[in-house]
Each structure stands twice: as structure tokens, then as C-alpha cells.
Amino acid sequence: MRRGRRSAAVGVGVLLAATLIAGCSTEVDPDIPVAGTDDSSTTTTFVATGSTADLLDQLLTEASTLSEAIVENEGQHEAIERIDLIWAAARPGVEASATDSVGEFERAIALLHNGVDRRRPADADKAYNNLVVLVAFV
């Protein structure tokens, strides 16, 4: 008698699960607007331009705000992407004028990444201070 009840309970459970799964449809109606989207919105792509000195100034500006962005947990990933783009544009000029400092710049930028990845604003502050000294010698 117990075995029959258990089989019936299992059967009801399987039927209930199948009904719930079948009711979970993933069909998307393209006519329903999605909240927070707007067809007229545009995406702006950041492009690093300018002389090596201008680019290094931009690098310092971005790095100076990174610590606060990490603390606020807002915009730090976008900032580090801009920093990477700026450094990629500035690197050839730094290599031409101060070859020995390229490795130091790379370490400072890696520390900025560490600050973002591990949510450590102190790392971003330390890297910024290192960059200020490095930029002064380029």
C-alpha cells in the first residue's frame, strides 16, 4: 500500500514539474518595448588622440578618478578600458622618448587593473601616484 502512494506522489510531482516547465516559455514578442531601451540612442566609442604629452595627460586624468569609481562601484570598468586605449595610443611615443620607462608604465597600468579587478582603490591610488612621477620624466 505504501509503495502505491509513493508512486502516485512521484507521478504527481513529475506531472507538476512538466507542467511548470512547459509554462515557462522564452518566446519574445518584438512589438513589446524593452524598458530602458530607445531606438534613437547612440553608442559612443572612445578614441584616444593627441600628442604623446596630451595622451599622458588624459591617462593621468582617467587614473585620478579611478579610485573614487572603485569606491562608488560605478564606471570603473569603462574607465580602465579608456586607460587601456589611451596607453595603447601613447605607448609608441613613450617608447621613442623614454624606452626604459615603458616597463614602469606597464606595471602601473597593471596595478590599475588590479585595483578594478579586486576592488582595491588603494591600488588605483598607488598606480596613479606612480604614473604622475613617470609622466614627469617623459
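The values are calculated or read from the model by the stated rules, or taken from the named source; none is laboratory data. It should be emphasised that the depicted structure is a prediction, and the values quoted were computed from it without experimental measurement. When we count neighbours, we look across all protein chains shown, and the Cβ atoms used for this are built from the backbone with ideal geometry, even at glycine.
Worth a mention:
- If you go through segment 104-118 and keep only what is over 17 Å from Phe137 (Cα atoms) and either over 22 Å from the mean Cα position of the chain (by Cα) or touching a residue at least 40 places away in the same chain (Cβ under 8 Å) (or both), you end up with Leu112, Gly115, Val116.
- The numbered conditions (1) more than 20 Å from Ala136 (Cβ to Cβ); (2) modelled with pLDDT of 95 or more are all true for Asp57 except (1).
- Applying the criterion of at least 3 residues that are in contact with a helix residue (DSSP H, G or I) (Cβ under 9 Å, 6 or more places away or on another chain), surrounded by 16 or more Cβ atoms within 10 Å (Cβ to Cβ) and among the small types (Gly, Ala, Ser) to the helices (runs of 4 or more DSSP H) found wholly in segment 38-138 leaves 52-72, 76-97.
- In segment 80-103, the residues that are more than 26 Å from Thr45 (Cα to Cα) reach residues that are of a type in the set (Phe, Trp, Tyr) with C-beta atoms within less than 7 angstrom, at least six apart or across chains, in these pairs: Ala98/Phe137; Ser101/Phe137.
- Residue among Ile80, Ile109, Ile86 that is in contact with a His (Cβ under 9 Å, 6 or more places away or on another chain), at pLDDT 95 or above and of a type in the set (A, V, I, L, M): Ile80
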